[in-house]
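The values are calculated or read from the model by the stated rules, or taken from the named source; none is laboratory data. This one's a predicted model, so the numbers in the text were calculated from it and none came from an experiment. Cβ sites come from the backbone with ideal geometry, for glycine too, and all protein chains shown count toward neighbours. Surface accessibility is based on the protein's heavy atoms, side chains included, excluding ligands, DNA and RNA. Shrake-Rupley method; radii C 1.70, N 1.55, O 1.52, S 1.80 Å.
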Amino acid sequence: MTTTTVAVPSTAGKKFNLNLKDFGIVFGLAAIMLFLALNTGTFLTGRNFINLFDQAAVVGLLAAAATLCIISGVFDLSSTATLAVSSISGVMLTQHFGVAAGFFGALLVGALLGTVTGLIVVSTKVNSFIGTLAVSIIYRGLAIVITGGAIVAPLPEQLASFQTWTWPSLFGLTAGSVLMLAMTIVLGIVLWRTTFGRRIYAVGGNQEAARLSGIRTGSIHVAVFAISGLCSAMAGMILASRAGSAQPAMAIGIELTAIAAVVIGGTSILGGQGAMWRAFVGVMILTVISNGFNLLHWDTTYQQVVTGVLILVAVAADGLFFRKSTR
Amino acid sequence: MAIQQLEKHEHASRRTAPEITVSGIGKRYGATTVLKDVTLSVAPGEIHGIMGENGAGKSTLLKILGGAIMADTGTMELDGHPVRITTPRDAISHGISLISQELALIPNLSVLENVFLGRWSNRGSLLSPNRDSEHFARLLEDTGFELDPRATVGNLPIGQQQQVEILKALARGAKVLCMDEPTAVLNEAEKEKLLHVIKRLARTGTTVLIVSHYLEEVLGLVDRVTILRDGQHIITEDAAGHTPESLVRLMVGREVDFLVPDVPQVSSEAGTVVRVAELTSAKVKDISLEVRRGEILGIAGLVGSGRSETLLAIFGADRTTGGHVEINGRRIRPGSIRDAIKAGIALIPESRKEQGLVMSRPVAENIALSTLPARSWAGFVRAQRERTAVKDVSKSVDLRGARPGQPVANLSGGNQQKALFAKWLLNPPAVLLVDEPTRGVDIAAKARIHSIIVELAAKGTAVIVVSSELEEVLGLSHRIHVMRHGRIVAEFDRNASRDEVMTSAFLK
Ligand SMILES: Nc1ncnc2c1ncn2[C@@H]1O[C@H](COP(=O)(O)OP(=O)(O)OP(=O)(O)O)[C@@H](O)[C@H]1O
Ligand SMILES: [Mg+2]
């Protein structure tokens, strides 16, 4: 009888609240950028922005993948170990079959290792945090076995084309940045608009309800890990391309930076909630802060303190809002 | 000696149940006004019913009393002294205990640990299992519940989990029990037991506030009744002068009559749709049954008798160790939910929070979840189609209280149940397995859900209904199976009397 009287006023008010909460983090990023624009002469230059996006490329790819993982209710701590193995394989394949085959091979290895990680986590039913931690140790070991612990590099005449990902392309951005932006958009659309995306949210939000709705929760998790592996390989490609080499210890710890970026963006670590744009904003906040420390010649040791505080604030805010919205 | 002290303390506290007065209580979420200027008072030792339609604000009011949420406006007095209750802890310290619609137990802990949860701190850091188990035994005696203190709570059926909640409140020496639809999850016998316990508690001075959608139950139990409508206080009056009809009129705000839907005969030519043969899982044994096109089969039995597990086994959600399920002559791959869904089976599960809904996701997404491929193109969700479909089906179950884009968690309990029901109506199923179809919905919505079930059957769906409410099973079903200890032990037709079914379900 009074359906409308109950529902109508809720429309405006809820939306307003949600928007404020949703975009708070965007205001945060804008504030930092404004501060840097006012306090440095170099921040607002095209050159610096190209630089910013290039710096964000690797973490951005890992954070995009981590977003899928976290929303579906798992963590992938093996992502940078996968990154190392896949880029080492890529370099070795490059030596024998050329650069294109090398890159292609790296992606394949990444996706494959991701799938294996997923199968291990799903079939053993261990907590993904512990499971992928173990897997990451195995993959790092594998990387040492393959290389004998040494640095591997493409042949000298291959080096120029191997460094494709550092070349300028669209709008002067490096190819690596463009790849990161493209993947963020593609995976964002996957989450936002596809049935696969819906299933990712459902599995992370309530696995049993998802299962009883006919969703193969195991397959969803394996797929998410496979995508994570693929993104890791892309990130590895960019890193190796930049350095002109790959080595077993590359990118150690960056998986945590990626998770931090996701959390700072406001995606809930509890699963079932969040969005891709949040990861992007989180990555940009971390990158801009690091950029700012450079531009202002501040001691970069404090950068870590700032980052840590940010993570705490983000997680606390998540908890606060979560409680508020359910109370 | 310690126990005696405890006992004394409890008796003392019971005698001092306060008079509760709330005035001008208001609560808003964004621009939604959930409660508006609610004023009422409850006398010590009174059993006070709080009634209203789904979404009227009953749970919100109880949660405010129990400190689970805070009111935006209004004051509260206990025996004339103003108090401020901002957390559940505050409420408990004033002797007010909330037993929520969604149970709040820790599934990995034992019954005993859950019952005494949070009381450990009062005894220093050393736990004393002996004292706890003696106290526990006494609580069981007081209530007449039968619970194994060592059982893991997560493994208990919902009905027993709720008993644990009640014991937990009593263990804290609650003087005021706020119970949100406590009987919704119980079967007849347990319900009676609970009502008995409530009366006994009230006699010893405990105040009980109870929310329920069962009119007769409320009228038979409470001293006074408060009715809320759209968040507004309508009346607080003696229950004695009221009839179910007068209550409904006040709740809905207009004249209504709810007819039990006519269940049409199953045509004699109707073919068998569901054939279950000797299905066996960890929880059920040798389940054999058949349901014809258009037929509604009811399953009655105690909580824990294997009714829900029978449905889960048929749906492929529980691992089966023997037997099989055939739909229209085709065997379902054992243990494959997807195959079951493909064959046209739908399951509306018992617990909306654990098994049914993804609370963090929007209402529309939840409703569309099990039939995603039907409204997608190349893996993309066709949002417009989905919106239209969800809108239609929401209307047909009378879902209210939130836009389709809001999280399902924001819906009131009854509306969540309607959302759960709507989920499987998007694509009308060939076989509908439904477990407690109307748990927590108000009587208007209940009548509507009943008629939806009957209509589905009339259009050819084979239905299996599990319900703890005997009237529901009797009123809806063409045939009734009674389960005990994981087996089907008796079969009745539509004309069976209530007593016959009761006896066969409840007696050993
Ligand atoms: N966190 C929230 N955000 C927005 N709206 C909410 C929230 N919690 C409850 N509501 C709304 O408040 C209204 C009252 O909810 P409440 O749970 O008190 O209803 P109720 O009377 O207990 O109904 P039911 O009989 O279905 O349990 C509903 O319309 C519900 O959608
Ligand atoms: Mg309620």
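Measuring between alpha carbons in the structure, the pairs from B:LYS58/B:LYS199; B:LYS395/B:LYS446; B:LYS395/B:LYS418; B:LYS27/B:LYS58; B:LYS191/B:LYS283 lying more than 18 angstrom apart are B:LYS58/B:LYS199; B:LYS191/B:LYS283. Phi angles of the stretch A:218-231 translate, via the Karplus equation with coefficients 6.51, -1.76, 1.60 and θ = phi - 60°, into HN-Hα couplings of x, 4, 4, 5, 4, 4, 5, 5, 4, 4, 4, x, 4, 5 Hz per residue; Gly and Pro are given as x.
Buried accessible surface for the B/A chain pair comes to about 3600 Å², total over both chains, computed with a 1.4 Å probe. Rounded, prolate or oblate for the stretch B:200-316? Axes are the square roots of the Cα gyration tensor eigenvalues, ordered a ≥ b ≥ c, and the cut-off for rounded is a/c under 1.5. Oblate, because a/c is 1.5 or more while a/b does not exceed b/c. Largest first, the extents of the alpha carbon coordinates of the stretch B:302-392 on the three principal axes equal 43, 31, 20 Å.
For A:HIS96, B:HIS48, B:HIS450, the ranking by accessible surface with the largest value first comes to A:HIS96, B:HIS450, B:HIS48, using a 1.4 Å probe. With both labels modelled 7 Å from their Cα along Cα-to-Cβ, the B:THR86 to A:ALA150 distance reads 6.7 nm. Label separation (A:ALA37 vs B:THR321): 6.9 nm, computed from points 7 Å beyond Cα along the C-beta direction.
Here, the stretch B:175-248 yields an orientationally averaged convex hull projection of 5.2 nm² when only Cα atoms define the hull. Computed over the stretch B:352-428, relative contact order equals 45 percent, with contacts defined as Cα pairs under 8 Å that lie 6+ residues apart. Between helix A:254-265 and chain A, what is the angle of the helix's C-alpha long axis to the longest principal axis, kept within 0 to 90° and rounded to the nearest 10? Relative to chain A, helix A:254-265 is tipped by roughly 20 degrees. Based on the reciprocal of the average 1/r between different C-alpha atoms, the Kirkwood radius for the stretch A:196-241 equals 11.6 Å. Size descriptors for the stretch A:164-222: radius of gyration and Dmax over Cα atoms are 16.6, 49 Å. Between B:ASP72 and B:ASP238, the contour length at 0.36 nm per residue exceeds the alpha carbon distance by 56.9 nm. Rg of the Cα atoms in the stretch A:179-287, relative to 2.2 N^0.38 Å, amounts to 1.17.
Working from Cα positions, state the angle (0 to 90°, nearest 10) between the long axis of helix A:79-97 and the longest principal axis of chain A. Value to nearest ten degrees: 30. Sorted from longest to shortest, the spans of the Cα atoms of the stretch A:56-252 along the three principal axes equal 57, 41, 24 Å. Averaged over peptide B:359-366, the number of partner chain Cβ atoms lying within 10 Å of each residue's Cβ comes to 5.
Eigenvalues of the alpha-carbon gyration tensor of the stretch A:209-264, scaled by 5 and square-rooted, set the equivalent ellipsoid semi-axes at 31, 14, 8 angstrom, largest first. Calculated on the Cα set of the stretch B:352-428, radius of gyration then Dmax: 11.4, 35 Å.
Once both labels are positioned 7 Å from their Cα atoms along Cα-to-Cβ, the gap between A:SER219 and A:ALA101 label points is 3.5 nm. Take the Cβ atoms of B:THR503 and A:VAL26, set R0 to 60 Å, and the FRET efficiency comes out at 0.35. Across the stretch A:260-300, Cα pairs under 8 Å and at least six residues apart give a relative contact order of 36 percent. Remark: C-alpha extents of the stretch A:86-176 on the principal axes read 45, 36, 18 Å, sorted largest to smallest.
For chain A, averaging the sequence separation of C-alpha pairs within contact (under 8 Å, six or more residues apart) and dividing by the residue count gives a relative contact order of 30 percent.
Excluding same-chain neighbours fewer than eight residues apart, the aspartates and glutamates reachable from A:LYS125 by a Cα-Cα span under 18 Å are A:ASP76, A:GLU208, B:ASP318. Please list, in order along the stretch B:27-39, the HN-Hα scalar couplings obtained from phi with the Karplus expression 6.51 cos²θ - 1.76 cosθ + 1.60 (θ = phi - 60°), rounded to whole Hz, x for Gly and Pro. Rounded to whole hertz, the list is 8, 10, 10, x, 9, 7, 8, 9, 10, 9, 6, 8, 10. Expressed as a whole percent, the accessible surface of the protein assembly as shown that belongs to carbon and sulfur atoms is 59, based on a 1.4 Å probe. Counting only protein heavy atoms and a 1.4 Å probe, the protein assembly as shown has 42 square angstrom of accessible area per residue.
Taking only alpha carbon atoms, the stretch A:82-136 gives an Rg to Rh ratio of 1.13, where Rh is the Kirkwood radius. When both bridge partners sit in chain B, DSSP labels roughly 55% of those beta bridges antiparallel.
With the convex hull drawn over the C-alpha atoms of the protein assembly as shown, the volume per residue is 193 Å³.
Taking the 0 to 90 degree range and rounding to the nearest ten, how far is the long axis of helix A:46-71 tilted relative to the main principal axis of chain A, both from C-alpha atoms? For helix A:46-71, the angle is close to 70 degrees. Across peptide B:406-412, the average count of Cβ atoms from other chains found within 10 Å of a residue's Cβ is 3. By the Kirkwood approach, averaging reciprocal distances over each pair of separate Cα atoms, the stretch A:134-183 gets a hydrodynamic radius of 13.4 Å. Its Cα gyration tensor gives chain B an equivalent ellipsoid. The semi-axes, each the square root of 5 times an eigenvalue, are 39, 27, 22 Å from largest down.
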